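Engineer: For reference, the structure I am asking about is given below.
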Amino acid sequence: MISEAGLSGGFEVPVLGAQAAFRALLAALSEPGTIVPLTDMAEPPAPLGAAAGTILATLADHDAAVFLDERLRVKDVADWIAFHTGAPLTADAALASFAVLSAPGTVPLAAFAEGSHDYPDRSTTVIVQVPALGGETAVRLTGPGIKTAREIALPVASGWLAEWRANHARFPLGVDVVFVAGETLLGLPRTTRIGGI
């Protein structure tokens, strides 16, 4: 039986909310490292954050399995995803179309589906919840969507940066990552190179 928390917290106006969230996500992934605001957000139960829930409510469906890390794998969250998206949950990271992590590094990026040379789009989009979009790790981003370079601070440790560089090196395979905090998101498509400052 679906919990009460699983039944509530969808978009106020589903079509408009999903359209706005989709535009925000496209903006974040087409301009890597840019902080993009979300509006008209979904309100999933904790510990799934509003921004992560909004992305799932926009993109996930019955054909797109969702992976949750251990901290997020609770009944209310599972019920909410099932009711609002129809997406099945999977405990196998390699089978997920979408994954939500409660913090950077809870599951290695290499554990997720990287797509294939025939279908590079069949990779996992990894949504990472963080307290704020910023941090102590200053990096320089280059690649498509960035005119020359973009300097930002990421809320990740150096070990995660090594994972990202390995992910980028597999292009056109690899995962795309979206960091979410509060009502904002920041995209890192696999085409983005991360260097130190």
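The values are calculated or read from the model by the stated rules, or taken from the named source; none is laboratory data. If you're wondering where the values come from, they're calculated on a predicted model, not measured in any experiment. Reconstructed Cβ throughout: ideal geometry from the backbone, glycine too, with neighbour counts over all protein chains shown.
Engineer: Across region 157-181, which residue is nearest to the chain's Cα centre (by Cα) among those that are among the small types (Gly, Ala, Ser) and surrounded by 16 or more Cβ atoms within 10 Å (Cβ to Cβ)?
Structural biologist: Ala181
Engineer: Sticking with this structure for a sec: Would you mind finding the one in Ser97, Ser3, Ser102 that is touching a helix residue (DSSP H, G or I) at 6+ places or on another chain (Cβ under 9 Å) and at pLDDT below 95?
Structural biologist: Only one candidate passes the filter, namely Ser3.
Engineer: Scan region 67-93 for residues that are of a type outside the set (Asp, Glu), under 15 Å from the mean Cα position of the chain (by Cα) and surrounded by fewer than 24 Cβ atoms within 10 Å (Cβ to Cβ) and report the count.
Structural biologist: Number satisfying all stated conditions: 2.
Engineer: Identify, by number, the condition in (1) surrounded by fewer than 19 Cβ atoms within 10 Å (Cβ to Cβ); (2) within 14 Å of Val178 (Cβ to Cβ) that Thr124 doesn't meet.
Structural biologist: The single condition Thr124 does not satisfy is (1).
Engineer: Can you spot a residue in region 143-154 that is closer than 25 Å to Val74 by Cα and assigned to a loop (DSSP other than H, G, I, E, B)?
Structural biologist: Within region 143-154 (the criterion being closer than 25 Å to Val74 by Cα and assigned to a loop (DSSP other than H, G, I, E, B)), the answer is no, since none of the residues qualifies.
Engineer: How many residues, within region 22-47, are hydrophobic (A, V, I, L, M, F, W, C) and out of contact with any Leu (no Cβ under 6 Å at 6 or more places or on another chain)?
Structural biologist: The qualifying residues number 9.
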